[in-house]
Amino acid sequence: MTAIMRPLIWTAPEPFSVDVPLIVGALTMRSNVIQLHLTPGPEDHCQVVQVVIDGRDLIDLIRVLETPLALAEDNPHLAGAYSGMALEKWRKGPAPAFDGWSPILDCECGTPDCWPFLTRINAGKNTITWSDFKQPFRPRWSYTGLGPFVFDRAQYQVELQKLGCVLDPDRV
């Protein structure tokens, strides 16, 4: 009797599941979908990039995880206290600025590096992966349950191009 081999289909738990198949080696899994939108920033003269993953604002996803951590410190205002990064920072590429960690969100006050949200960004041949999230000023806060987010490289590139950005493999 021969067994029928079917590709493994990985589906992230709700709300992260999407219907975009992604082939990685012998595995088939569903990729995350990123959307980048320009929105008014904290300062009138600045536009920031809102990050939406699988239809949900990244700041809202983070707030859910940070709320109990901030409450435990009696600082509930810290939970999700982010804003999108300035468009110019995206155009330069979210290059590692914190020992290999890349900022993807800034503080809601608009001051760069005041309260950044960081991730590791890894570029594969067909994918871009965001993983290992952290808040550098709260090293004990855990972001278990957030990501990793695996984006189709072509779809990621389209989103960057909408902002006038180019995906530089050396600065992913």
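Nothing in this text is a laboratory measurement; each read-out follows from the coordinates by a stated rule. Because the structure is a prediction, the values reported are computed rather than measured. Reconstructed Cβ throughout: ideal geometry from the backbone, glycine too, with neighbour counts over all protein chains shown.
Lysines near Lys92 by alpha-carbon distance under 18 Å, same-chain residues fewer than 8 away left out - which ones? The qualifying lysines are Lys162. Taking H placed 1.01 Å from N in the peptide plane, check which residues at least 5 places from Ser31 or on another chain put their amide H under 5 Å from its amide H. Under 5 Å from the amide H of Ser31: Val20, Leu22.
As a calculated quantity, the FRET efficiency between Arg63 and Lys125 at R0 = 41 Å, using C-beta atoms, amounts to about 0.75.
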